[in-house]
Amino acid sequence: MTSSDVRIVSPCGILGYGFPEESFNRAFEYNQKVHGIVVDAGSTDAGPHKLGAGVAIVSRRATKKDLDIIIKNGVPRDIPIVIGSAGGAGAKPHIEWTLDIIKEILAERSLTARIAVIWSDFTQEEIIKANHEGRINPLTPNIPALTDEVIQETNNIVAQMGHEPILEALENGADIVVCGRAYDPSPFAAVGIYHGKDSGLAYHLGKILECGALCAEPGTTKDCIVGTLKEDSFTVQSLNPIRKCSPISVSAHTFYEKEHPYILHGPGIILDLSQCEFTQVSDGVVEVKNSKLLKNDQYFIKLEGARKVAYRTFVIAGVRDPILVENIEEIEELVMEQVRDYYEDIPEEDYSIHFYNYGKNGVLGSRECAPFHGHEIGVMFEVVAKTQELANSICSSVRSTFLHYGYENRKSTAGNLAFPFAPSDVEFGPVYEFSLYHLMEITESPFVIEYL
């Protein structure tokens, strides 16, 4: 299928982040044709917990609010809706969670739609087999070698899909495409490629649109952007008049989350942006040319998997005593030593204690180079242990020891810590780590499409 100009609307950076409905509605003013409404719904930015625990990044209420605006406008107008990395991590529980919301909205609005679900899950057995065949490699050199034991302990294994299965779903007449874990630009690129546009331009536009209006000034992920694919270029424009795209803002966003300034690797693709030109063609509208897609003889997909490794309990408190603030790290070490002495019967490898002093060096820790200036700090300490009971017990001891620790020159024997909450100890629950963060070579698409 071909078309002259192809317009793709990105409502926001992640589904559930929220966006002004009036911005979204501007995409349809003057009966302008919209060829796709595409929204990314996931990320690994929140860490491995969402994938491991099978829970969403955002709330159900917020996701439904966003999806309701998208569906009530897209379905009656026959505009394909594509959701990438459904539910935050794109695994089976995240897709099922998203589907439940979609079906609820369709029923409430008396709408019907053909839904395509693209599953991105892998079994442990499939990954073990691929690993034995030598088709899996670490994404970066510092990732440990993958073993059968690690794979067997990993649940919710997914892989990032490229545009191909999404394109197939569009070609088969899907009104709503719900993708498992997807390479962020792929859902956007699929719409452009479906309409016969250059794949390099389509992928680069997807890279720009995936974060909503973050490529505009002032930038935000909580507003709408529209991209228009042409024969040899594309344009981007904010749908909110208070935001403007400029060559600097759009080119700067091209560098977003990249290890190389102009080479971008994705599933089966290499995007070369070294010759790109960014031109202001009108107020708030930027045109981009010369995005190139290079041939890749091997097709790799990125695997993501999380396993449960421990349990966490933490405490948040305030410290204002200038003597304690000045010597906080040394006193925390003494508190930790006293707790370890008390629990000398418990192997030290069964738990760990961590302190974070916000307002002093809570972000950079020992790498902080700026001198401290302030009269108070916020202290967070956590215990990560093999069981929740052990984490609770040791964290309780850290809290009580720290609260009453008699450090040198202390003038008051009252508590050292001010707790904003009661109870002070927060039982966080399971702790996950990315046990799979690897590339797997494939020769045919492993992604299964189901039509509902």
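Overview of results
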| quantity | calculated |
| --- | --- |
| Filter result for residue 158 (under 15 Å from residue 303 (Cβ atoms), touching a Gly at 6+ places or on another chain (Cβ under 7 Å) and not in a loop (DSSP other than H, G, I, E, B)) | yes |
| Candidate set: region 143-155, residues that are touching a residue at least 24 places away in the same chain (Cβ under 8 Å) and part of a helix (DSSP H, G or I); chosen: the one most open to solvent (accessible area, probe 1.4 Å) | 152 |
| Number of positions in region 56-70 that are open to solvent by 20 Å² or more (accessible area, probe 1.4 Å) and acidic (Asp, Glu) | 1 |
| Contacts under 8 angstrom Cβ, first residue in region 124-142 being of a type in the set (Gly, Ala, Ser), partner not in a helix (DSSP H, G or I), 6 or more apart | 130/136; 130/440 |
| Pairs with Cβ under 8 Å, 6+ apart, first in region 35-64 and closer than 18 Å to residue 99 by Cα, second modelled with pLDDT under 95 and of a type in the set (Ser, Thr, Tyr) | 51/44; 57/43 |
| Pair list, Cβ under 6 Å, 6 or more apart: region 88-117 residue surrounded by 14 or more Cβ atoms within 10 Å (Cβ to Cβ), other residue at pLDDT below 95 and among the small types (Gly, Ala, Ser) | 88/42; 89/42; 90/42 |
| Verdict on residue 234 being without any contact (Cβ under 8 Å) to a residue 40 or more places away in the chain, of a type outside the set (Val, Ile, Thr) and more than 18 Å from residue 183 (Cβ to Cβ) | no |
| Elements of type strands (runs of 3 or more DSSP E) contained in region 33-130, each with 1 or more residues being touching a Phe, Trp or Tyr at 6+ places or on another chain (Cβ under 6 Å) | 36-40, 115-119 |
| Pick from region 31-55, criterion hydrophobic (A, V, I, L, M, F, W, C), farther than 12 Å from residue 9 by Cα and open to solvent by less than 20 Å² (accessible area, probe 1.4 Å), ranking: farthest from the chain's Cα centre (by Cα) | 51 |
| Within region 15-30, considering residues that are under 19 Å from residue 221 (Cα atoms) and of a type in the set (Phe, Trp, Tyr), the one surrounded by the most Cβ atoms within 10 Å (Cβ to Cβ) | 19 |
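The values are calculated or read from the model by the stated rules, or taken from the named source; none is laboratory data. The structure presented is a predicted model; accordingly, all values stated were derived computationally and were not measured. So basically every Cβ, Gly included, is an ideal-geometry build from the backbone, and we count neighbours across all protein chains shown. Calculation scope for accessible area: heavy atoms of the full protein, side chains included, ligands and nucleic acids excluded. Shrake-Rupley method; radii C 1.70, N 1.55, O 1.52, S 1.80 Å.
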